[in-house]
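The values are calculated or read from the model by the stated rules, or taken from the named source; none is laboratory data. All of these numbers come straight from a predicted model, not from anything done at the bench. When we count neighbours, we look across all protein chains shown, and the Cβ atoms used for this are built from the backbone with ideal geometry, even at glycine. In case anyone asks, the SASA skips ligands and DNA or RNA and just uses the protein heavy atoms, side chains included. Shrake-Rupley method; radii C 1.70, N 1.55, O 1.52, S 1.80 Å.
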There are 4 protein chains.
Amino acid sequence: MTNHQIRKKAILSCAITGVLATRKQCPSIPYTPEEIALETKRAYDAGATIAHIHAREPDGSASWRPEVFAEIKERVEKLSPILINFSTGGVTGTIQDRAESAVKLKPYMAAVNMGTMNYAIWSKKEKKFHMSGIFENPFQDIQWLLENLRAQGVVPELECFDAGHICNADYFIEMGLLKAPMHFSLIMGVCGGIKGTRRCLENQVSILPEGSEFQVIGIGRDQWQLGRWGLELGGHLRVGLEDNFYLPDGTTMATSNGDLCTAGVALMKELGVTPMTLEETKAAFK
Amino acid sequence: MTNHQIRKKAILSCAITGVLATRKQCPSIPYTPEEIALETKRAYDAGATIAHIHAREPDGSASWRPEVFAEIKERVEKLSPILINFSTGGVTGTIQDRAESAVKLKPYMAAVNMGTMNYAIWSKKEKKFHMSGIFENPFQDIQWLLENLRAQGVVPELECFDAGHICNADYFIEMGLLKAPMHFSLIMGVCGGIKGTRRCLENQVSILPEGSEFQVIGIGRDQWQLGRWGLELGGHLRVGLEDNFYLPDGTTMATSNGDLCTAGVALMKELGVTPMTLEETKAAFK
Amino acid sequence: MTNHQIRKKAILSCAITGVLATRKQCPSIPYTPEEIALETKRAYDAGATIAHIHAREPDGSASWRPEVFAEIKERVEKLSPILINFSTGGVTGTIQDRAESAVKLKPYMAAVNMGTMNYAIWSKKEKKFHMSGIFENPFQDIQWLLENLRAQGVVPELECFDAGHICNADYFIEMGLLKAPMHFSLIMGVCGGIKGTRRCLENQVSILPEGSEFQVIGIGRDQWQLGRWGLELGGHLRVGLEDNFYLPDGTTMATSNGDLCTAGVALMKELGVTPMTLEETKAAFK
Amino acid sequence: MTNHQIRKKAILSCAITGVLATRKQCPSIPYTPEEIALETKRAYDAGATIAHIHAREPDGSASWRPEVFAEIKERVEKLSPILINFSTGGVTGTIQDRAESAVKLKPYMAAVNMGTMNYAIWSKKEKKFHMSGIFENPFQDIQWLLENLRAQGVVPELECFDAGHICNADYFIEMGLLKAPMHFSLIMGVCGGIKGTRRCLENQVSILPEGSEFQVIGIGRDQWQLGRWGLELGGHLRVGLEDNFYLPDGTTMATSNGDLCTAGVALMKELGVTPMTLEETKAAFK
């Protein structure tokens, strides 16, 4: 490879379900803890070592109920040793509502949204915004969550939708709440956040604090392009039905998260990267 | 000059007063309409053609009262033909509270904050945040303001504190509410927003929509460095007591906005740039 | 696609034979005019519209004999309408020796090496240089060749192995010997020239004169990575046995230039790019 | 300073005389060993710790005579402890002719030209080249010189006029002839080499081998801009009559190298950089 910064080994993470995509859009999207657990097993069998999981109610809506998180954890752990990464983000409730029960379960990792921004769905056709609001993650919420994760020994996944969100990490490093190796997720192309161009991605990578690792989160069909760029720039790889339903050809819908993980491993191999084992993944952020 | 993108002529804007800085910090900060008008005259005499103005109460606190805006406009126009740019941003009140009376006065220009973010003051010493909150500018506020500015023929100054804030302009271009030539202000280094490094500034410039012009707003002593970089990259120049009290040597406090404008003109000349006249400035965003 | 600069339609060029690779290394390398013509037909049938051709003696060594160029042209034109691009570069003879007969045949295009550099083969194993010398293309040679190409109506392919080679084009633009649209070939990763990293490629692209188009020439297994990056950055695509014997999997040797062109078309399609037709290619540099 | 990469302390080097500039152009240019020594003293007194010196005949033409180098060294050392850096580059003679006697004198540092390129003077007015030729530095010359410098304990100053010249260092690192800390001089804007834009400079800096330090060499009035950018990007500073006769205002001709060094120290201070002492300079490349 010409780009000397590419990793020899990288983590494959799989975002199993999210909370926005529905079964009408993609029939493989899991809702119940049982379905979610089955999908994490398929992801693990195909090479993923971290499963990023949102809890859902049986009707598919977002859930923050402690017993749902607990059941997910129990069922996932029965089927495979994949490492669990619980989401804590949302536009409703307090950070305590959204994160407290997930953190207490001591998953391997939990997501921390590192900044506030506008959030909406833009309709190109109608030329108007839908669901326009503010995705609120004030400094005091970030601080509370980082303190709680540290107390429970949970690795923070630092989710950044814009350049300033990465810059915000500096304050928590100075506070002593973050230290290398840190794990950043660079979400690109969300309405309200930074664009999903190569140049913007390179700038995001260039401002990561020293000792940081990262993966790129692309939404929709750009995901494979962004994932490839992330690997080229020295990152890990994230795939999954939360982000994108389609295989790299852009037209074949995945029948499970396993399909997407298999395609992710193939992309890694094309670039000369080996997926990390479970043990290697565990050691990465120690 | 080796950098072929530098402008032959650039606008010098002066941010006269702001709402945060106090006379205890810098005795030249104007509060009353009369004081503000005198300072705009000094800025104009030293080469500035646009005055960015926040309204203040006699005690120095932020004011949104219509009669204060009206008095400022009247007094400024009596003393010089400098073009008025009214601020509309703040963390209190609705966008209607903050902008309605200013827009109705039909200043030449008015500021539009293009995104939402965390906002706080970080104390390096205490390692904690002060005044931590959210600087809210949801899409519906931006839309309302752009519609009203257009109705009154006021040029929008698009204030961007992060990369996503620039990306947000695309939606309003598609709506037909923004079109080239657009005037962007790139605020760098504010807590919650993008860092003030050269590389980040270059990325901000690279994602400006086609047909955009820009100036850089730096806060504190970095302002002269950021202003120079902005000129090098083809931008206009903004100075003023709202942003920074000190002359380029970093130690001499300005005795008026005129001092800062004189230093701004000298910086332009060092880089081979001529300050635009009033007529040239008026023509720039037509 | 997230990168808005990518072309909708791009030219696929095929470098049929070169002068360095031998049949011992790859049995499909053509030597004689007849073999070369057959390979251009395979390239054309697979989607290429330009064939970059070096003349060779029957033993495979480089040839500058007028009758060899003439026979190649005649035979190629009998088999397909692919556009011919003759090489003029080498480390022996004068520019007149190497280029005069090729130019007189009025091919569609001919290569112009835009600068001078060290040239050698570096042995990583022995840690020493082999065949170390200077690849000489002084300004007077470039000028002579550009004047002759213009006189014959031949499109110059501006071959650049380093940043300065691109900068050199400016002088010939000022002389009136080059004007937009210009076609640049950015050769990356040759010993003595610029590295084949993404960042270096981006810098090369950024200094192209206005109105330039380009393709990337990568040597060996990096070729597919560099070709992809070139497309991502808005370039055309070049493949061919001169540069690389292997298909994108990195291990399967091509059985003809046709195989490489088929893989090139597939790469274009993956990125949403359509290969230009012959007519579109002819119109590109008019 | 916003740019975190800037150095706290940097070396000020002064290029005392060169071989191209004449007394007709600038009366302060020294020719004889005595004059050169006096100028090194002025540079030292103004803050420079390294003097880059070309030997000249009394008529101002380039000299490679051993006795001239010897006399220069003796006279310089009598007047101040400034560290001597002898040039070895030229377009006439062999590398042995140009470098042997200089190296044997064991100066602190000696220049090594890291690549070959076209070289000419371009007349914008006449739109033609003057003195067009090739600046030849083939790999074997570089190797010979690096081996001899190492044998004598002389620090190499790696002069790079293009991107490939920096890439060439990799081979000599692999050979064991170069190791960190290495000192690069990035010459920008010479006809035949890379342009003097900020972006090109950033790319040059980005491909420096690990453990490298650098200074920028700008020619003519761009020198102050390029020197400033070099400091901003973490480099050292070089000034001197060889490169540029004028003070930063662009119009006042320097009356000695001391004037330029004084202006160099002022530029450093403006950017918060302290000039290294002689002891710090000596320690920098050990």
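Observations
- Screening B:Glu39 against (1) assigned to a loop (DSSP other than H, G, I, E, B); (2) closer than 30 Å to B:Met131 by Cα; (3) in contact (Cβ under 8 Å) with a residue 40 or more places away in the chain; (4) not hydrophobic (A, V, I, L, M, F, W, C) leaves a single unmet condition, (1).
- Among the residues making up segment A:77-93, those that are farther than 14 Å from A:Ala37 by Cα and in contact with an Asp or Glu (Cβ under 8 Å, 6 or more places away or on another chain) are A:Gly89, A:Val91.
- Pick from segment C:214-256, criterion more than 21 Å from A:Glu232 (Cα to Cα) and small (Gly, Ala, Ser), ranking: surrounded by the most Cβ atoms within 10 Å (Cβ to Cβ): C:Gly240
- Residue count, segment A:61-76 (criterion: modelled with pLDDT of 95 or more, surrounded by 14 or more Cβ atoms within 10 Å (Cβ to Cβ), closer than 12 Å to A:Ile36 by Cβ and of a type outside the set (Val, Ile, Thr)): 4
- Unmet criterion (only one of (1) open to solvent by 10 Å² or more (accessible area, probe 1.4 Å); (2) at pLDDT 95 or above) for A:Gly211: (2)
- Residue list for segment B:151-169, filter: assigned to a helix (DSSP H, G or I) and closer than 30 Å to A:Ala169 by Cβ: B:Ala163, B:Gly164, B:His165, B:Ile166, B:Cys167, B:Asn168, B:Ala169
- Among the conditions (1) closer than 27 Å to B:Gly133 by Cα; (2) of a type outside the set (D, E, K, R); (3) surrounded by fewer than 24 Cβ atoms within 10 Å (Cβ to Cβ), A:Ala163 misses just one, which is (3).
- Note on segment C:257-286: residues that are surrounded by fewer than 19 Cβ atoms within 10 Å (Cβ to Cβ) and more than 27 Å from A:Trp224 (Cα to Cα) total 9.
- Note on segment D:85-106: residues that are surrounded by fewer than 23 Cβ atoms within 10 Å (Cβ to Cβ) and not in a helix (DSSP H, G or I) amount to 8.
- Residue list for segment A:203-242, filter: within 12 Å of chain B (Cβ to nearest Cβ), free of Cβ contacts under 8 Å to residues at least 40 places away in the same chain and in contact with a helix residue (DSSP H, G or I) (Cβ under 8 Å, 6 or more places away or on another chain): A:Ser206
- Counting only strands (runs of 3 or more DSSP E) that sit completely within segment A:107-150, those holding 1 or more residues that are at the interface with another protein chain (Cβ under 8 Å from one of its Cβ atoms), crowded, with 17+ Cβ neighbours inside 10 Å and modelled with pLDDT of 95 or more correspond to A:117-123, A:128-135.
- Number of positions in segment D:243-267 that are farther than 19 Å from D:Ala51 by Cβ and either touching a residue at least 60 places away in the same chain (Cβ under 8 Å) or in a helix (DSSP H, G or I) (or both): 2
- The one condition in (1) over 17 Å from B:Ile53 (Cα atoms); (2) aliphatic (A, V, I, L, M); (3) more than 9 Å from chain A (Cβ to nearest Cβ) that B:Ala102 fails to fulfil: (1)
- Inside segment B:170-197, residues that are surrounded by 21 or more Cβ atoms within 10 Å (Cβ to Cβ), within 11 Å of chain A (Cβ to nearest Cβ) and not in a loop (DSSP other than H, G, I, E, B) make up a count of 4.
- For segment B:18-25, the criterion of being within 14 Å of chain D (Cβ to nearest Cβ), modelled with pLDDT under 95 and out of contact with any Ser or Thr (no Cβ under 9 Å at 6 or more places or on another chain) is met by no residue.
- For segment D:42-61, residues that are within 25 Å of D:Pro156 (Cβ to Cβ) and in a loop (DSSP other than H, G, I, E, B) total 5.
- Verdict on D:Val155 being more than 26 Å from D:Val205 (Cα to Cα), more than 14 Å from chain C (Cβ to nearest Cβ) and either surrounded by fewer than 24 Cβ atoms within 10 Å (Cβ to Cβ) or of a type outside the set (D, E, K, R) (or both): no
- Test: D:Ala37 is crowded, with 18+ Cβ neighbours inside 10 Å and in contact with a strand residue (DSSP E or B) (Cβ under 9 Å, 6 or more places away or on another chain): no
- When residues in segment B:2-36 are screened for being outside any loop (DSSP other than H, G, I, E, B) and among the basic types (Lys, Arg), 1 of them pass.
- Test: residue in segment A:219-234 that is over 16 Å from the mean Cα position of the chain (by Cα), at pLDDT below 95 and of a type in the set (Gly, Ala, Ser): no
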